[in-house]
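Chemist: Here it is: the structure, laid out below.
Read-outs: derived from the displayed coordinates by stated rules, not from any lab. All figures in this text were calculated on a predicted structure; none of them were measured in a lab. Positions of Cβ are generated from backbone atoms using ideal geometry, with glycine treated the same way; all protein chains shown enter the neighbour counts.
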Amino acid sequence: MNEVKKVKKRGLHSLYAKDPVHADEAVFGRTSHHVTRRGFLSGLKSLSVLLGAEIVYGQFMPAGLIPAAFAQTDNPFTIEGKDGLVVLNDRPVNAETPAHLLDDAVTPASRFFVRNNGIVPESPDPKTWTLTIEGESAAQSRTFTLDELKAQFKHYTYQLTLECGGNGRAEFSPAATGNQWTTGAVGCPSWTGVRLKDILNAVGVKDDAVYIGYYGDDQHLSRTPGKAAISRGVPMSKAMEDESLIAWAMNDAPLPLMNGYPLRLVFGGWPASTSGKWLKKIVIRNQIHDGAKMLGKAYRTPCKPVAPGTKVADEDMCIIEAMPVKSLITYPQSGTAHALSSPLEVRGHAWCGSTSVEKVFTSIDFGQTWQQAKLTRPKNRHAWQHFKTTVTFPQAGYYEVWAKAEDTNGRAQPMVLPGWNPKGYLNNACHRIAVSVTA
Ligand SMILES: Nc1nc2c(c(=O)[nH]1)N[C@H]1C(S)=C(S)[C@@H](COP(=O)(O)O)O[C@H]1N2
Ligand SMILES: [Mo]
């Protein structure tokens with residue numbers, strides 16, 4: 001079931017992540033990292049040849065930008081139960097969803113990404129599954145079976161966005177190690193379960209509680225008994241939100257094994273690493289949880305911005321909380337050919353971990369001008385929103401459609417890579433797709 005078939009190939013992103021200067025040369029055919037504008041413009045000509053069309057707004061195209069048309073990856077792997085996901089690693093299994101497969105308003109289980117830090121439990125038995133709540137700030141220690149959880153607490157369903165903190169890592173330069181996620185470590189299914197706060201309150205939370213931490217049933221890659229692959233958590237304020245769930249269902253069906261079957265935490269809008277899978281234990285802590293991947297540089301960014309490549313001391317790294325504002329174009333698929341005679345519908349989703357999205361804009365001229373898209377309200381707090389717009393092209397040629405979301409606090413996505421950080425988290429740069437317009 002967990003088996004991943006076929007051999008790895010190197011995509012443009014891994015090429016670029018490994019050595020951006022050489023990748024630049026390979027793609028743009030340049031000999032120097034410092035490209036003059038003239039050199040760049042002649043590069044543009046050869047790019048146009050490669051693309052098979054004139055880059056209509058080529059004079060605005062930033063030097064060093066890899067055309068989105070080249071970011072197409074073929075898919076050399078498959079995971080059972082997952083449809084068209086691109087596998088980035090097979091030990092542990094990690095797979096992301098191509099943008100055009102995330103077009104549904106509610107992400108189907110078959111298209112929800114997979115991010116594992118350890119070894120997936122083989123065949124968890126829901127009948128004997130238990131969840132224990134304990135910890136120094138728990139009034140008592142209590143264990144529930146899955147049936148007891150379902151019988152004793154009210155059920156809630158919310159549509160909640162989960163995005164890996166490392167989504168977009170592939171674009172950072174200098175490159176950050178770790179899974180080279182492009183845009184597909186995000187999804188927004190509907191989740192059903194009980195409110196974490198109802199369980200915590202039933203057990204009893206002491207006044208000195210500051211954090212909860214989780215433990216799952218997956219093994220560390222080394223298979224060392226008792227060693228957690230990951231054990232993260234959230235502050236009490238997030239734990240006590242209405243939408244913070246202990247969930248057993250995704251889109252009204254049991255969770256897929258890869259996504260935490262039979263029980264997981266779901267904290268919408270926060271780095272998905274906080275949403276513990278195969279959930280066995282929650283600890284209520286009187287200090288910030290110090291489990292695996294809570295300390296050091298894991299899921300942290302520099303407390304103050306640093307220049308790319310800077311070595312940052314652990315004590316200057318701060319825990320990532322809500323994810324930043326972001327959007328994804330899910331239709332059309334990047335690389336689409338479109339006839340000049342008709343307008344093109346462009347659509348996708350936008351989300352923001354702390355508030356909601358206020359506006360989404362698209363551009364077809366490398367960000368010179370923007371037009372505002374139609375945007376829906378979220379189904380509930382921490383659910384992604386959908387945007388739709390119609391684009392008309394002035395002439396045949398190669399275009400990129402860019403999307404930019406702005407949250408209710410007036411914070412918008414940057415067009416280029418934001419704040420470099422040692423582990424490559426929180427890349428919320430504008431998503432862009434290639435469209436070739438034919439006469
Ligand atoms: N027990 C356990 N929980 C986990 C993980 C894990 O490896 N083990 N990975 C975390 C990370 S880093 C992410 S991004 C999300 C991914 O959830 P998904 O695999 O369902 O997409 O699960 C989180 N919860
Ligand atoms: Mo993650």
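Chemist: Just need the relative contact order of the stretch 307-439 here, percent rounded to a whole number, with Cα pairs under 8 Å and 6+ apart.
Modeler: About 32 percent, as a whole number.
Chemist: Let me ask something else. Sort the stretch 86-319 into rounded, prolate or oblate with this rule: let a ≥ b ≥ c be the square roots of the eigenvalues of the Cα gyration tensor; rounded if a/c is under 1.5, and if a/c is not under 1.5, prolate when a/b is larger than b/c, oblate otherwise.
Modeler: Details: a/c = 1.64, a/b = 1.22, b/c = 1.35.
It comes out oblate by the Cα gyration axes.
Chemist: Here's something else I'd like to know. Where does each of M236, M317 land when they are ranked from fewest to most other beta-carbon atoms within 10 angstrom? Let's see the in-between values first.
Modeler: Details: M236 17, M317 20.
Lowest count first: M236, M317.
Chemist: Additional query: Mind counting lysine pairs for me in the stretch 258-410? Cα separation below 25 Å, and the two need to be 8 or more apart along the chain or on different chains.
Modeler: So the count works out to 28.
Chemist: Suppose we take every Cα in the chain and form the convex hull; what volume per residue is that in Å³?
Modeler: On the way: hull volume 63.0 nm³, N = 439.
Each residue corresponds to 144 Å³ of Cα convex hull volume.
Chemist: For the stretch 325-422, what does the convex hull of the Cα positions come to per residue, in cubic angstrom? Let's see the in-between values first.
Modeler: Numbers: hull volume 11.6 nm³, N = 98.
In the stretch 325-422, the Cα convex hull volume per residue is 118 Å³.
Chemist: Okay, next question. Order of 173-180, 240-247 by packing, highest average Cβ count within 10 Å first?
Modeler: Working: 173-180: 18.2, 240-247: 21.5.
Put in order of decreasing packing, that is 240-247, 173-180.
Chemist: If you don't mind, there's one more thing I want to ask. Roughly speaking, what % of Cα-Cα pairs in the stretch 196-264 are separated by over 21 Å, rounded to a whole number?
Modeler: It works out to 39 percent of all Cα pairs.
Chemist: Given an 8 Å cut-off on Cα distances and at least 6 residues of separation, report the relative contact order of the stretch 86-319 as a percent.
Modeler: On the way: 528 pairs, mean separation 54.3, N = 234.
Relative contact order, the stretch 86-319: 23 percent.
Chemist: While we're looking at this one, here's another question. DSSP loop GluC sites (Glu not before Pro) in the stretch 106-152 with at most 13 other Cβ atoms within 10 Å of their Cβ, which ones? Intermediate results must be reported in sequence, preceding the final value.
Modeler: Values: sites: E122, E134, E136, E148; in loops: E122, E136.
Qualifying residues, ordered by number: E122, E136.
Chemist: Is the shape of the stretch 130-171 best called rounded, prolate or oblate, per the rule: a/c under 1.5 gives rounded, else a/b larger than b/c gives prolate, else oblate, with a ≥ b ≥ c the square roots of the Cα gyration tensor eigenvalues?
Modeler: Numbers: a/c = 3.40, a/b = 1.75, b/c = 1.95.
Since a/c reaches 1.5 but b/c is at least a/b, the shape of the stretch 130-171 is classed as oblate.
Chemist: Which order do L149, L265 fall in if you start with the one that has the fewest other Cβ atoms within 10 Å?
Modeler: On the way: L149 20, L265 26.
If I rank by nearby Cβ atoms, fewest first, I get L149, L265.
Chemist: A further question on this structure: Quick check: pseudo-label points 7 Å beyond the Cα along Cα→Cβ at R223 and T369, how many nm apart are they?
Modeler: Inter-label distance under the simple model: 6.3 nm.
Chemist: What fraction of the DSSP beta bridges in the chain is antiparallel, stated in percent and rounded to the nearest 5? Numbers along the way, then the final one.
Modeler: Numbers: 71 of 80 bridges.
Once the DSSP bridges in the chain are tallied, antiparallel ones form about 90 percent.
Chemist: Summing +1 for each Lys or Arg and -1 for each Asp or Glu, what net charge is found among the other residues whose Cβ lies under 11 Å from the Cβ of V357? Walk me through the numbers before you get to the answer.
Modeler: Details: positive: K326, K359, R377, K404, R411; negative: E358, E406, D407.
Computed value for this residue: +2.
Chemist: On to the next question. Would you calculate a helix-derived [θ] at 222 nm for the chain, using -39,500 (n - 2.57) for each DSSP H run of n ≥ 4 and dividing by the full residue count, to the nearest 500?
Modeler: Details: 6 runs with 50 residues, N = 439.
Only helices count here, giving -3000 deg cm²/dmol.
Chemist: So for the stretch 180-296, averaging the separation of alpha carbon pairs under 8 Å that are six or more residues apart and normalising by length, what relative contact order in percent results? Walk me through the intermediate numbers first.
Modeler: Details: 217 pairs, mean separation 40.5, N = 117.
Answer for the stretch 180-296 is 35 percent.
Chemist: With +1 on each Lys and Arg Cβ and -1 on each Asp and Glu Cβ, how big is the dipole of the chain about its Cα centre, in debye rounded to the nearest 20? Don't jump to the answer; show the numbers that get you there.
Modeler: On the way: 48 positive and 40 negative charges, 86 e Å.
Here the chain has a charge dipole of around 420 debye.
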